[in-house]
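One structure below.
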Amino acid sequence: SITVIALIGLFTGMVMGMQLYFALSLFGADGFLGTGVALSMVRELAPVLTAIMVTGRAGSAMTAEIGVMRISEQIDALEIMGINSMSYLVSPKMAASIISFPILTCFFNLIALFGGWLTGVLLLGANEGVYFYRVQQSLEWSDISGGFIKALVFGIVVCTVSCYQGYFTHLRRDAVGPEGVSQATTHAVVMSCVLILMSDYVLTSLLW
């Protein structure tokens, strides 16, 4: 997912840098461009957009993989062999989500700050030293740790929803077989995105 995250992070940072520069210039406060880009990315946009992108890239793949294993009776075969299919299939994906989501969020932050610098400083003429000074001064550890906490929660949400939809594909009433897997994958992505935004509001209320 690194390529997708890098592309989205770059253009999100560029758009934020452009919009904030124009808005702050109206009040003669374009020196606070670095503050606006840094806080908006670290607190909100980076963890949310990273989670949504990974949901479409990896969450759908998890649902489809487990769903295909369910309809082809591979999960039943694991259980017959005495293997706990839930821990065997879901636990590695959960561990990977908990590790990768914060790392990808950090990567998104770095690329987005570079995108804000690219637009604000190189294209629109903001002061480079002031931009990086504001980024450094405005970010506190509570902002960074809050973004990582959100990334962890989003990773757990995405993995749980994706694996649940795939694992119980055979219980769906709207479709069976391959069509059921496609329906489960669609529902997993939509439900994950909704829960990401809902949990983002709750976490923001609790953390700040």
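Observations
- Wholly enclosed helices (runs of 4 or more DSSP H) of region 1-86 bearing at least 3 residues open to solvent by 30 Å² or more (accessible area, probe 1.4 Å) and either touching a His at 6+ places or on another chain (Cβ under 6 Å) or closer than 22 Å to LEU122 by Cβ (or both): 2-25
- From the options LEU195, LEU207, residue that is modelled with pLDDT of 90 or more, open to solvent by 10 Å² or more (accessible area, probe 1.4 Å) and closer than 29 Å to LEU45 by Cα: LEU195
- Any hit, region 117-136, residues being at pLDDT 90 or above, within 16 Å of the chain's Cα centre (by Cα), open to solvent by 30 Å² or more (accessible area, probe 1.4 Å) and within 21 Å of PRO47 (Cβ to Cβ): no
The values are calculated or read from the model by the stated rules, or taken from the named source; none is laboratory data. Remember, predicted model here, so these are calculated numbers, not experimental data. With ideal geometry, Cβ positions are generated from the backbone for all residues, glycine too; neighbour counts draw on all protein chains shown. Heavy atoms of the whole protein, side chains included, go into the accessibility calculation; ligands, DNA and RNA do not. Shrake-Rupley method; radii C 1.70, N 1.55, O 1.52, S 1.80 Å.
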